[in-house]
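Just so you know, all these numbers are worked out from the coordinates, no wet-lab data involved. What you see is a predicted model; the values in this text were computed from it and never measured. Every residue, glycine as well, gets a Cβ built from its backbone with ideal geometry; the counts of neighbours run over all protein chains shown.
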Amino acid sequence: MILLLGAVLALGGAALLSSLASRHDRWARSAVIAGLAAAAIAGGTLAWRTIAGQRVSDLLWSWPVPGAAFHVGMDSLSACFLLLVLVVGCCAGLYGEGYLAGSHGHIPATPVRFFFLVLLGAMALLVAARNAFLFMIAWETMALAAFGLVSCEHGKPEVRKAGLLYLICTHVGSLFLLALFALLGRNAGSLEFSAFAAAPALSAAERVAVFLLALVGFGMKAGFMPLHIWLQEAHPAAPSHASAAMSGVMIEMGLYGLLRLLSLLGPVSIEAAFFLVALGLITAVFGITFAMAQRDFKRLLAYSSIENIGIILTGAGLGCYGLAKHHPSLALLGFAGAILHTLNHGLFKSLLFLSAGAVYQAVGTRDIEACGGLQKRLPWTCGLTAVGAAAICGLPPLNGFTGEWLIYNWLLRPDPGHGMLFSALAAAALALVGAFAVAAFSKYYGLTCLGQPRSEAARDAREPSWIMLGPMALLAALCVGIGLFPSPALHVAFAAAGDVAGQARPAVSASLDEWSRLLGAIGLLGAGVCALSALLWLFRGALLRRRKVGLGPTWSCGFTAPTARMQYTGSSYPMPLTRVFAAALATREEIRPPLGYWPVKASFESRTPDPALERWLPVLTAKFEEWLSAPRRLQYGRLQLYLLYVSAFLVITLLWKL
Amino acid sequence: MEPFSQLLLAFIVFLSLYLLGSSSLTGCIKIVALQGMCLGALPLTVRAEGFRLRGLFLAAGMFLLKGFVIPRVLLYAIREVKIRREIEPMIGYAPSLLIGAVLIGVSFALAERLPVPAGLRTSLMIPVSLATVMMGMLMMISRIKAITQVIGYLVFENGIYLFGLAIAYEAPWLIEMGVLLDVFVAVFVMGIIINHIARAFDSISTEKLTRLSDY
């Protein structure tokens with residue numbers, strides 16, 4: 001456990017050093033890189049040992065605060081998330097140095113470095129915490145560090161708005177978590193996680209309360225469907241490497257919390273499991289539908305995070321179903337699918353956010369419709385974007401496929417007990433999500449990287465520095481590697497799933513071998529396909545060697561003056577699909593068509609606001625305001641009156657008690 | 001010594017009443033200073049069995065701080081903002097005096113029913129402290145100028161100090177020092193803030209602060 005402390009201290013120390021050395025950019029940068037490297041080595045060693053089955057003893061220091069203790073421990077579940085934190089955190093942190101240098105002072109470097117490292121340290125501590133008090137401290141530190149990252153460009157009003165929204169959401173979530181731990185702590189008589197597990201069974205009503213509190217508290221961070229409102233606002237506002245860490249790791253911490261709670265409190269009821277699956281599928285379909293309709297590419301990525309969280313939640317719900325039905329192999333399969341997809345999502349989503357940041361810096365806008373033709377200008381960045389986009393769509397030779405494949409296998413298994421209708425519906429919903437993901441990401445990749453540049457900035461875009469490309473390439477290599485050789489990642493996921501489902505190692509490894517063999521075969525097939533494609537590509541090159549390859553204009557149906565703006569746009573490309581969901585999307589369009597024989601002006605504008613944030617939340621807040629308007633009359637803003645209220649209250653309580 | 005302490009306590013109540021009825025700000029500050037000095041002297045009179053060095057020290061600190069330093073800060077503040085009188089209190093001077101008298105009665109009634117150690121039941125200390133707290137509160141509520149609010153706050157704090165003195169004569173040294181420091185810093189900060197309010201609003205009437213409210 002000293003290794004974990006070392007990792008956390010390295011990150012915290014680097015955060016302090018980098019802000020102390022804020023005057024000397026080079027020193028601050030070295031502090032960040034050294035801290036990341038030290039944390040990666042220490043934490044990575046610890047995680048690897050734990051997953052390999054070595055027992056690591058807990059570290060317990062008492063604290064004078066009642067109920068609190070500095071108690072950290074490691075099991076496979078913690079180790080799995082620790083690995084994710086470190087891999088994504090180090091890649092994003094390294095990239096961040098290049099990104100900060102490339103922003104030419106638009107982003108304040110010192111606070112971004114500080115908050116980024118604090119965010120990583122808090123998450124590393126969070127996954128190891130074995131005491132609810134320590135857990136909440138790490139949780140809040142993580143939330144506040146992320147707030148610092150979201151609102152670092154606070155000169156812009158939309159950034160301030162996003163930061164405030166995020167802060168409110170995260171505190172609402174924390175409030176629910178506090179209530180949750182208070183409830184569990186009262187039952188167990190202690191705030192230790194081990195005491196929660198050993199505590200007497202909760203009553204039925206308390207179980208429902210715990211379930212709902214955990215769902216809202218952790219779900220607010222993870223972004224389950226009606227609770228996602230901060231995600232699509234906060235991710236575009238943060239610097240790209242911070243969005244990568246937030247989207248790739250931080251929101252997954254909500255799922256970690258849920259899984260940890262499951263491992264402590266045991267199975268939920270079947271109805272609750274069904275509810276989780278349904279919520280996951282709704283979240284996934286919702287997220288990807290809205291991702292399709294976005295024009296801001298970081299917003300698109302944020303919505304796709306909601307979709308992936310939905311898929312992960314579906315897997316976790318299926319695992320819960322297996323637990324509730326006392327079907328260990330099903331439980332293991334569901335949880336392993338969820339955890340594997342969590343790992344994979346962390347990798348490809350951070351890759352996509354990093355490459356989106358590179359595009360943003362090169363073009364200077366997040367509007368898809370100002371990009372175009374970047375493949376020729378930023379070949380590396382766009383190539384890596386293509387890898388990430390293919391992975392997130394769940395296409396076979398890449399890692400996104402593996403986790404979803406486990407979940408599909410759960411659904412397609414002819415097991416007794418769960419109705420076929422349920423499985424069929426869920427599988428169909430997942431398939432729909434996959435297809436929409438292809439639409440959304442072909443739009444993203446196609447419109448930004450292919451075609452002709454739509455703006456001056458896109459025409460003059462240049463490749464970013466190697467310090468930004470390197471981490472992206474590493475993440476892409478991991479995506480491809482896990483896709484082709486899935487068994488190490490499967491090993492990690494199954495070990496963690498075994499912890500959640502409370503199963504012993506031998507049972508887990510039997511199941512692991514079976515799936516590892518199957519997925520390994522698929523990976524080999526994928527490798528074969530890749531090799532064949534490479535051969536064909538070489539063959540094409542050989543055929544074309546002696547010939548001249550010419551470039552010509554696109555055929556424009558006979559129109560004489562085509563321009564680059566006559567390409568597919570962000571709204572027109574997914575239109576066949578968005579039209580089907582028009583009622584749900586409620587895209588606002590402002591059309592001023594060309595009128596008369598000599599039209600002067602014509603314009604078309606479309607915007608897809610988030611329904612939960614801009615349609616449902618105002619209704620709710622309006623209701624609240626109505627309720628609160630009566631006590632609000634007491635607010636005159638006059639100091640003397642407030643003093644009168646206070647003294648009247650005090651005197652009344654005094655008289656009442658005597 | 002007992003009669004002497006009774007006399008001091010009566011004097012303290014009288015000073016609080018006088019404050020409620022006085023309109024001159026300089027006068028108010030001087031009265032608060034006098035009240036502070038009485039408070040400083042009070043611990044020396046309550047215990048017959050000789051003084052400890054610590055008690056003397058505290059008394060001297062209290063005497064200096066409340067009798068000289070804080071009034072200086074306040075006098076400086078009103079000289080800076082150039083005001084002399086509280087012109088339009090929310091509750092007039094005569095009604096405030098009447099309410100003050102009622103509050104003294106209420107505090108005696110309250111003190112009877114308060115669960116305090118038996119030895120204190122007959123002492124004047126508890127009712128006087130309650131009365132001082134309430135009158136300080138009344139002053140804060142009924143006056144508009146920021147400076148009179150600070151004075152009200154001081155009276156209020158004097159009451160709390162008296163109560164502490166009654167309940168635990170042997171209050172820990174650190175706590176006493178902490179309280180003294182708190183009061184000093186509070187008054188210091190308020191003195192500065194009053195200047196800023198005067199500069200921003202051209203007046204130190206807290207009425208103007210309602211402009212800062214949400215609506």
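Less than 12 Å Cβ to Cβ from A:LEU374, Lys/Arg counted +1 and Asp/Glu -1: what total charge do the surrounding residues give? Neighbour charge sum, excluding A:LEU374 itself: +3. Positive contributions from Lys and Arg (+1) and negative ones from Asp and Glu (-1), summed over other residues with Cβ under 10 Å from the Cβ of A:GLN452, come out at +4. Label positions at A:ALA527 and A:ALA209, each projected 7 Å from the Cα along the C-beta direction, are separated by 5.5 nm. For the range A:275-291, backbone phi angles converted through the Karplus equation (6.51, -1.76, 1.60; θ = phi - 60°) give residue-by-residue couplings of 4, 4, 4, 4, 4, x, 5, 4, 4, 5, 5, 4, x, 6, 4, 6, 4 Hz, Gly and Pro being listed as x.
Counting every alpha-carbon pair across the range A:414-565, the share separated by more than 20 Å comes to 77%. Counting beta carbons within 10 Å around each of A:VAL249, B:VAL102 and listing the fewest first gives the order B:VAL102, A:VAL249.
What pairs from A:LYS161/A:LYS623; A:LYS156/A:LYS443; A:LYS298/A:LYS376; A:LYS161/A:LYS601; A:LYS161/A:LYS443; A:LYS161/A:LYS376 go past 31 Å between their alpha carbons? Correct reply: A:LYS161/A:LYS601; A:LYS161/A:LYS376. For the range A:613-657, the pair-distance distribution built from all alpha carbon pairs, in bins 5 Å wide starting at 0, is 5, 18, 14, 14, 14, 13, 9, 7, 4, 2 percent. By the rule of a C-alpha distance below 24 Å, with chain neighbours fewer than 8 residues away ignored, the lysines paired with B:LYS66 are B:LYS30, B:LYS82, B:LYS145. Taking other C-beta atoms within 10 angstrom as a stand-in for reagent exposure, A:HIS327, A:HIS235 fall in the order A:HIS327, A:HIS235, fewest first.
At q = 0.20 Å⁻¹ the log10 of I(q)/I(0) for the range A:495-646 amounts to -1.25, computed by Debye summation with a single uniform scatterer per C-alpha, solvent ignored. Among A:THR578, A:THR385, B:THR45, a tally of other beta-carbon atoms within 10 Å of each Cβ gives an order, fewest to most, of B:THR45, A:THR578, A:THR385. When all alpha carbon pairs of chain A are counted in 20 Å bins from zero, the resulting P(r) reads 18, 51, 26, 5, 0, 0 %.
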